[in-house]
Structure formats: C-alpha cells, structure tokens
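Inspection log for the structure reproduced underneath, given as structure tokens.
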Amino acid sequence: MGAIYILWLRELKRYVRSRPQVIASLAQPMLYLLVLGFGLGPVFQKAGQGSYLQFMAPGVIAMTILFSSIFSGIALLWDRQFGFLKETLVAPVPRLHIMIGRTLGGATVATIQGCLIAIICVIAGFRPVSLAMIPVALLFMVLIATVFGALGTSIGSTLQDMQGFQLIMNFMVLPIFFLSGALFPLAHLPLVLSIVTSLDPLAYGVDGLRAVLLGASHFGMLLDVTVLLIVAIAFLALGARQFSRIQI
C-alpha cells in the first residue's frame, strides 16, 4: 500500500509544480461556460428550459474532469520515455499497486480541477439547489475521474509514443463529451442518438451531477452511481491487465 500512496503523492506534486499548465487547462472549460452559457442562454430560455448556464454548468464540470483524468495517461508515456517508469517497475512492489497509485493520483488531480471549475461556475452565476448535496456531487466527480483516469492509464499502457496517444484521445474524448448530454438535454432525442448517449459513461456522470446540483435527472441517481461503479471497476481491471504487460 505504500507504493500506492507514494505514486498518488507524486502525481499531486507534479500537479502543484505545473501551475501554468493548470491555468491553461481551465481555459477551454471557461470558454464553453462563458461563451455558450451566455451566448445560447436567450435561445434556451425562449424554449422554456430556464437558464442555460444553470443547465450546462454540471456538464462543464464533468468535461473538465474527463479531459484532466484521461490525459493523465500521457504522464505514463512521459515516464516511459525518460526512464522513471522503468525504475518504478523494477521496484519490489506489485504492478497492480503501481497502476492503482497512478490512476488515483490522476483522478485526484482531475477532481481538484473539477472543483476549481465549479467555483468559477458559481462566480459566473451558477447556483446549486441544495448546499447539503455538494458532498454527493463530489462523490460523482471522484467516480467520473476514476473511470476515465483508469481508461487513460490502460490506453497509455498500450501505446509506445505520445503521437499515437494524442490521436486516440482526440478520437475518443470529443465523442465522449459531446454525446454525454453536457450541452443538450437527453430527453426527446431521436432513437439512435438516445441509444448512443445511453452507452456513454460520461452521460451518467453528467446526469448524476445534475441530479444532485439541480434536482433534475434523466436516468435516475441510483442508476448513475451503479453504472459509474461498474464501469470504474471494469476500466481498473482493464488498466491493471494492460499495465502488467508493459515490457521493461
């Protein structure tokens, strides 16, 4: 368990040292929040759906966590390139502990990023319906971060270079985000699109955040938690399998 803690702490230290990158990583979510939130607000309000900023804020929080957690797999390729990964793998600790420590570290960083965006959302005008539900919202943020942190680690364990990782991430991340319902309601969609969105794990994370922050849910909070837990376990198992196959 000591290896898990050390690697988790190392990811946090890496995050603290990269303050310029942290600020830059918040730019895209803020762009979505401010430009779309205020730009499409009048259209959304005329459609009788209320405040668009209020609606999309949970989706922007989930998007921040998605991007931060899944791209934490890049650090695995970076460590492989500069030899730190080799030093870690030859240590007398199970590789499963190494994988879990890295994944939890990336998930923790992603959750912190999500909290920072949540604060920005509040400053911009977002208001949760109940402050008592904020700890539950934090739980959903941790689940989202764990799901996609494990996915990023499993993909990073498979690839050999950063170019391949960037291609796969761009191919996966944008569809995952846009099909999650972060920017549009999931009700009354065409059948095909409704089926596709129901297969997106992030859709359940966004729906769970809306359930606790806005009191509105499409799938139901219990189903949201169940799906995220199952997918997190599946991706952690996949990540552990792929990580154990890394050649020194």
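Taken over segment 217-248, the criterion of being of a type in the set (Lys, Arg) and part of a helix (DSSP H, G or I) is satisfied by 241 alone.
Taking residue 167 as the residue in question, decide whether it is without any contact (Cβ under 8 Å) to a residue 24 or more places away in the chain and part of a helix (DSSP H, G or I).
In short, yes.
Among residues that are within 17 Å of the chain's Cα centre (by Cα) and surrounded by fewer than 17 Cβ atoms within 10 Å (Cβ to Cβ), residue 190 is not included.
Quick check, is residue 160 part of a loop (DSSP other than H, G, I, E, B) and farther than 23 Å from residue 56 by Cβ?
yes
No lab work stands behind these numbers, since they all come straight from the coordinates. No experiment lies behind these values; they were computed from the predicted model shown. Don't worry about glycine lacking a Cβ; one is built from the backbone with ideal geometry, like all the others, and counts go over all protein chains shown.
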